[in-house]
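Chemist: Below is one structure. I have some questions about it.
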Amino acid sequence: MSYEQNNGFNKILNKKRLKFILSMIEGDSCLEVGCGQGQITKTLSKHFKKLLALDNDEKNLNSFKSPKNVLKVCFDIEHFKLSHIKFDTIICTNVLEHLNNPDKALKNMLAMSHSKTKFIFVVPNANSYNRKLGVDMFFLKKTTDLDDGDKAVGHKRMYTLKSFSIFVKKHLHIITEGTRIYKPLPNSLMTKLSKKVIEELVNMPVYEAGAEIFAICKQKKEVEK
């Protein structure tokens, strides 16, 4: 992708997301699906003995240096599967909304998991406060509609907490789910706020209208060999 993934408000979101992810990880090995420009890869590498960083954009992978315990692989998760390797933690953030076939992607992730693997998913929330404001201001007809900004970054769909839960439950058991981070304005306007105001905003209660949806999952049963 051509846009910068770690600038402006995205940089703040990345830091908040990383802190959340680190509180959830388990085990010695990790598959990071859609590592992008390595926003969290280097930090993750300090918590795992082995980390496979997967992305379908070679420019993204070449944009950052990785430690020796990190293997960078350029491939699309919709077509990538290593049935002989099982990871303790599988992290997939801001990826599923970009894919043509997210069901196939989850099946491939399942093939690389064992009965105790922890899955950590994050996707943008269609029903976030800023998208609801977009409907009120007639920029969107529905919060799930794709606007020019969505299309520019390659979004194929927008999930609500309900629709994402239904989708994930087809493949996995959800341990906990919800939304995070209060974001009342688009990223371009959030960036212009002071650090103090942003810190107060992102820590406010969000109920089901946070900027992003998360789901922490396990296998429903052991993957059939």
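Chemist: Under 16 Å Cα-Cα from residue 221, which lysines qualify once same-chain neighbours fewer than 8 residues away are excluded?
Modeler: 86, 107, 116, 118, 169, 170
Chemist: Hey, which aspartates and glutamates would be in cross-link range of residue 132, C-alpha to C-alpha under 18 Å, not counting anything within fewer than 8 residues on its own chain?
Modeler: Reachable aspartates and glutamates: 145, 147, 148, 150, 208, 212.
Chemist: Also, quick follow-up: Under the rule of at least 5 residues apart or a separate chain, name every residue whose amide H is placed under 5 Å from the amide H of residue 118.
Modeler: Here 89, 90 satisfy the definition.
Chemist: From the cross-link list 11/59; 59/183; 141/196; 46/104, which pairs have alpha carbons spaced over 25 Å apart?
Modeler: Table pairs above 25 Å Cα-Cα are 59/183; 141/196; 46/104.
Chemist: Additional query: In percent, what relative contact order does segment 8-219 have, based on Cα pairs under 8 Å that are 6 or more apart in sequence?
Modeler: Dividing the mean separation by the residue count of segment 8-219 yields 20 percent.
Chemist: Please identify every one of the trypsin sites (Lys or Arg not before Pro) in segment 134-185 that sits in a loop by DSSP and has no more than 12 other beta carbons within 10 Å of its own beta carbon.
Modeler: In loop regions of segment 134-185 (DSSP not H, G, I, E or B), the sparsely surrounded trypsin sites (Lys or Arg not before Pro) are 141, 142, 170.
Chemist: Kirkwood hydrodynamic radius (Cα pairs, Å) of the chain?
Modeler: Hydrodynamic radius (Kirkwood, Cα pairs) of the chain is 18.0 Å.
Chemist: Per-residue HN-Hα couplings for segment 154-165, Karplus 6.51 cos²θ - 1.76 cosθ + 1.60 at θ = phi - 60°, whole Hz, x for Gly and Pro?
Modeler: Those phi angles translate into x, 5, 9, 6, 10, 9, 9, 4, 5, 5, 5, 4 Hz.
Chemist: Now for a separate question. Multiplying the sequence separation of residue 137 and residue 177 by 0.36 nm and subtracting their Cα-Cα distance, what value in nm do you get?
Modeler: So the extension gain works out to 11.5 nm.
Chemist: At 7 Å along the Cα-to-beta-carbon direction for both residue 49 and residue 151, put a label point, then send me their distance in nm to one decimal.
Modeler: 4.9 nm
Chemist: Give the share of C-alpha pairs in each 5 angstrom bin for segment 95-202, from 0 to the last occupied bin, in whole percents, shortest bins first.
Modeler: P(r) over segment 95-202, rounded to whole percents: 2, 10, 18, 20, 18, 14, 9, 6, 2, 0.
Chemist: For a quick check of your reading of the filter: which chymotrypsin sites (Phe, Trp or Tyr not before Pro) in segment 61-147 sit in a DSSP loop and have no more than 15 other Cβ atoms within 10 Å?
Modeler: Hits after loop and neighbour filter: 75, 138, 139.
Chemist: Now for a separate question. Between residue 113 and residues 5 or more places away or on another chain, which pairs have amide H atoms under 5 Å apart, with H built 1.01 Å from N, and which residues are they?
Modeler: 87
Chemist: Ok, one more. Kirkwood Rh, Cα Rg: Rg to Rh for segment 34-133?
Modeler: Over the Cα atoms of segment 34-133, Rg/Rh equals 0.98.
Chemist: Please list, in chain and number order, the residues 5+ apart from residue 72 or on another chain whose amide H is under 5 Å from its amide H, with Hs placed from the backbone.
Modeler: 53
Chemist: Can you give the longest stretch of the chain with no exposed loop site, where a site means GluC sites (Glu not before Pro) in a DSSP loop (not H, G, I, E or B) with at most 15 other C-beta atoms within 10 Å?
Modeler: Answer from the scan: 27-207.
Chemist: Counting only DSSP beta bridges with both residues in the chain, what percent are antiparallel, rounded to the nearest 5?
Modeler: 40 percent
Chemist: What size of dipole, in debye to the nearest 20, comes out for the chain about its Cα centre when the only charges are +1 on Lys and Arg C-beta atoms and -1 on Asp and Glu C-beta atoms?
Modeler: Roughly 540 debye for the chain.
Chemist: By how many nm would the segment from residue 196 to residue 162 lengthen if fully extended, with 0.36 nm per residue of separation less the alpha-carbon distance?
Modeler: Result: 9.0 nm gained on full extension.
Chemist: As a check on your grasp of the helix formula, calculate [θ] at 222 nm for the chain: sum -39500 (n - 2.57) over DSSP H runs of n ≥ 4, divide by the residue count, round to the nearest 500.
Modeler: For the chain, the value works out to -8000 deg cm²/dmol.
Read the figures in this text as sums done on the coordinates, not as results from a lab. In this text, all values refer to a predicted model and were calculated from it rather than measured experimentally. Glycine also receives a Cβ, built like all others from the backbone with ideal geometry; neighbour counts cover every protein chain displayed.
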